[in-house]
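The values are calculated or read from the model by the stated rules, or taken from the named source; none is laboratory data. What you see is a predicted model, and the numbers here were worked out from it, not measured in a lab. Here the Cβ is made from the backbone with ideal geometry for all residues, glycine too, and neighbour counts use every protein chain on show.
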Amino acid sequence: MSSIGGTGGTVDASYAASKAGLHGLTRALAREFGSDGVQVNAIASGPVETSMNDEIISYLEAVDFRGHENVDTHLPTYACEPKDIAHTVKYVLEKVVLQHEIVNVNGGMQFR
């Protein structure tokens, strides 16, 4: 599991860097083990409607983090439901032809 922050950045540089690293790791492992039949992919979600979103916004506002204004306006617009992520996980697991992919599930937020 990854995040749109790995390709599109986010207001938290350390989070974005860790997710970008995960994308690189996904691709490297797919290259290394794909010929052995090991399927390696990542699902990069945008915001998911959970209580964590409220906690993130509260934290960013409390520390007066630059750019947090964009986060709290984008979350309601692009947030998906947990079931959307579950459906995507199921799809990726069932499709053995998927390999080396970063599957974006973010309602188009990467274009903002």
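Structure above, values below:
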read-out: Hits in region 7-36 - residues which are at pLDDT 90 or above and of a type in the set (G, A, S); value: A17, S18, A20, G21, G24, A28, A30, G34, S35
read-out: Residue in region 99-111 that is modelled with pLDDT of 75 or more and assigned to a helix (DSSP H, G or I) present; value: no
read-out: Conditions (1) assigned to a loop (DSSP other than H, G, I, E, B); (2) modelled with pLDDT under 80; (3) surrounded by fewer than 13 Cβ atoms within 10 Å (Cβ to Cβ); number of the one not met by F65; value: (3)
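Here's the yes/no breakdown for (1) part of a helix (DSSP H, G or I); (2) surrounded by 15 or more Cβ atoms within 10 Å (Cβ to Cβ):
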site	(1), (2)
G6	yes, yes
K19	yes, yes
H23	yes, yes
A28	yes, no
G34	yes, no
V40	no, yes
L60	yes, yes
